[in-house]
Amino acid sequence: MNRAAALYPNDTVTLREVGLRDGLQLVKTWPSTVAKHDWIAREYAAGVRRFEVGSFLPAARFPQFADVRALIEQIGGLDGASSAALALNERGASDALETPLDEIVCVVSATEEHSQANARRSRADAVELIRTVVRMRDESSNTPIVNAGISMAFGCSIAGAVDPAEVLRLAEACLEAGADIVGIADTVGYAGPKQVGDLSAAMAALCGGRAFIVHLHDTRGMGIANASAALDAGARVLDGSLGGLGGCPFAPGATGNVVFEDLVYLCETKGMRTGIDIERLTAVREILQSEMPGEHLYGSLARAGPPPNLAWRP
């Protein structure tokens with residue numbers, strides 16, 4: 001079994017908590033490093049194992065990620081846990097490879113317009129960057145997997161409609177460039193269940209026995225319905241953010257991710273065991289409420305609570 005398959009087996013559901021990265025991209029205030037350590041420790045105790053913890057971007061522009069290395073070090077000491085972080089260029093990838101990071105996340109936009117706004121490069125250049133990052137990784141003493149996420153895969157707030165065939169072409173190009181895993185992102189929450197299900201089924205066929213990632217936003221209230229459709233179509237790796245925080249700073253109209261707690265509940269009610277204790281996970285929201293009192297948190301499970309006498313426990 002290769003390292004990507006070990007992190008993301010295709011025969012069980014895996015949930016990635018992206019609150020510490022995507023969740024903090026648009027916030028005006030953010031948790032202290034001490035609070036972030038507590039966030040990770042408490043989620044780990046609740047059963048979370050896959051954490052996306054930040055971005056290797058200039059601290060002057062994105063000070064909320066200045067402590068990304070400390071979070072990677074923390075997760076490296078947690079048995080069975082793995083860390084992921086975003087790198088948008090070679091400098092970011094080089095910095096990432098100096099750490100014990102488990103997964104470098106690169107982004108390829110589904111449209112030229114968003115690619116230029118987000119990274120100031122063409123889609124072809126973005127695919128070549130993946131090839132470069134894979135080469136850099138292969139020449140490094142550290143060996144994180146390379147994750148290629150295709151943003152705006154279901155519609156672009158700049159260019160409009162996106163052809164699913166183009167998304168599949170880009171996913172295939174990323175795999176050919178050496179990416180260990182690819183993902184599709186509804187960056188601005190345009191999609192409905194049929195669209196998500198259809199593209200997820202096509203991705204499952206393209207990837208064969210390899211897992212792929214589905215990253216959803218709840219902009220129009222379809223996040224959980226879309227996640228269910230993705231699971232039904234063969235997706236086994238989904239992203240979510242504690243409290244539904246998140247949004248792309250280069251995507252007009254972007255709002256938060258699917259609520260991680262609600263995503264856990266969805267999977268469990270579908271008979272897909274996550275190993276995550278919902279009550280303990282939901283309690284971690286206390287950190288966000290304390291550290292970011294001005295940020296609105298979302299989540300139906302947090303509002304209503306889980307049903308009493310649940311038949312399943314992690």
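Any residue at all in segment 263-285 that is at pLDDT 90 or above, in contact with a helix residue (DSSP H, G or I) (Cβ under 9 Å, 6 or more places away or on another chain), within 17 Å of Gln25 (Cα to Cα) and not in a helix (DSSP H, G or I)? No; the residues of segment 263-285 include none that is at pLDDT 90 or above, in contact with a helix residue (DSSP H, G or I) (Cβ under 9 Å, 6 or more places away or on another chain), within 17 Å of Gln25 (Cα to Cα) and not in a helix (DSSP H, G or I). Going through segment 216-250 one residue at a time, which ones are under 23 Å from Ala283 (Cα atoms), at pLDDT 95 or above and open to solvent by 20 Å² or more (accessible area, probe 1.4 Å)? Matches in segment 216-250: Ile224 only.
Of all residues in segment 58-92, those satisfying the criterion of being touching a strand residue (DSSP E or B) at 6+ places or on another chain (Cβ under 8 Å), over 18 Å from Ala41 (Cα atoms) and aliphatic (A, V, I, L, M) are Leu86, Ala87, Leu88.
Screening Ala254 with (1) within 18 Å of the chain's Cα centre (by Cα); (2) at pLDDT 95 or above gives one miss only, at (2). Where helices (runs of 4 or more DSSP H) fall wholly inside segment 1-79, the ranges with 1 or more residues that are under 23 Å from Gly244 (Cβ atoms), in contact (Cβ under 8 Å) with a residue 40 or more places away in the chain and open to solvent by 10 Å² or more (accessible area, probe 1.4 Å) are 33-46. If you go through segment 167-215 and keep only what is surrounded by fewer than 17 Cβ atoms within 10 Å (Cβ to Cβ), of a type outside the set (A, V, I, L, M, F, W, C) and not in a loop (DSSP other than H, G, I, E, B), you end up with Arg169, Glu172, Glu176, Lys194, Asp198.
Per the listing Ile130, Ile104, the residue uniquely within 25 Å of Glu172 (Cβ to Cβ) and touching a Pro at 6+ places or on another chain (Cβ under 8 Å) is Ile104.
The residue that is farthest from Trp39 (Cα to Cα), among those in segment 294-309 that are in contact (Cβ under 8 Å) with a residue 40 or more places away in the chain and not small (Gly, Ala, Ser), is Pro306.
The values are calculated or read from the model by the stated rules, or taken from the named source; none is laboratory data. It should be emphasised that the depicted structure is a prediction, and the values quoted were computed from it without experimental measurement. Here Cβ is always computed from backbone atoms with ideal geometry, including for glycine, and neighbour counts include all displayed protein chains. What goes into the accessible areas is simple: the full protein's heavy atoms, side chains included, and nothing from ligands, DNA or RNA. Shrake-Rupley method; radii C 1.70, N 1.55, O 1.52, S 1.80 Å.
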